[in-house]
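For reference, the structure is listed below as structure tokens.
Where a number appears in this text, it was derived from the coordinates with a stated rule and is not lab data. Just so you know, these numbers come straight off a predicted model, no measurement behind them. Quick reminder, even Gly has a Cβ in these numbers, built from the backbone with ideal geometry, and neighbours come from all protein chains shown.
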Amino acid sequence: MNPPVFPLTALLQHSTWLLPLVKTLHLWGIVFMVGSVIMFDLRVLGLAKTLSVRALARFLLPISVAAVFIVIPSGVVLLAAHPNELLANRLFTIKLGLIFLSACNALAFHTGPYTTVAQWDSAVPAPLSAKLFTGLSILLWLAVILCGRTLAFT
Ligand code: HEM
């Protein structure tokens, strides 16, 4: 039996410009989402110590959250282009698992070490636990990007 072909799948596979457009949207979203998270993480790790962590969070984190609303829908549309192949691809499963871990890591950071941020807002090093979460955040997001980019060659 042939695998089901959704109308969106057929549209994406037959249009020459739709898939590149959605891939570009996905990348634009990633730039704002991952870029702002990593800038915040670098501050917590000890760069630009005079900048207030809370002021930086107020500036960067809404950008990151807004970009999620570009990255996830565009990712779902990209998935619809080749659903059967991608859902059977181990790298795609690993990518989704890493995104889930990143979300858990961010939640643990905000409900954990970030609750004491008033004590290390500026000019004081962040506690080791905050540095561990933000260091892990950078590694996880870079790994998600590696999986996403490599998917195109598998
Ligand atoms: C949340 C953070 C995410 C990051 C950092 C990310 C990263 C990437 C990157 C770097 C690419 C390569 C783009 C290119 O080759 O031009 C990509 C492609 C892709 N992403 Fe994402 N992605 C994310 C979320 C998602 C989600 C939630 C889904 C689906 C549910 C998804 C599905 C896809 C698909 C299907 C592709 C195309 C793979 C291919 O070329 O065959 N992504 N992603």
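Table for the structure above
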item	result
Charge tally in the Cβ shell below 14 Å around Leu151, where Lys, Arg are +1 and Asp, Glu are -1, Leu151 excluded	+3
Val22, Val117, Val124 arranged by Cβ crowding within 10 Å, fewest neighbours leading	Val124, Val117, Val22
Percentage relative contact order, the stretch 17-151, counting C-alpha pairs under 8 Å, at least six apart	36 percent
The chain: DSSP helices with Cα axial extent of at least 20 Å and average Kyte-Doolittle hydropathy no lower than -1.0	18-45, 53-81, 90-111, 128-151
Whole-Å distance, taken between Cα centres, linking the stretch 104-131 and the stretch 31-54	12 Å
Least to most buried among Trp28, Trp141 (fewest other Cβ within 10 Å first)	Trp28, Trp141
Whole-percent pair-distance distribution, where bins are 5 Å wide, for the alpha carbons of the stretch 1-65	4, 15, 17, 13, 10, 9, 9, 8, 7, 6, 2, 1, 0
Volume per residue that the Cα convex hull of the stretch 17-151 spans, once the total is divided by residue count, Å³	97 Å³
Helical mean residue ellipticity (222 nm; -39500 (n - 2.57) per DSSP H run of 4+; nearest 500) of the chain	-26000 deg cm²/dmol
Debye intensity ratio I(q)/I(0), log10, the stretch 55-95, q values 0.14, 0.29 Å⁻¹ (C-alpha model)	-0.46, -0.93
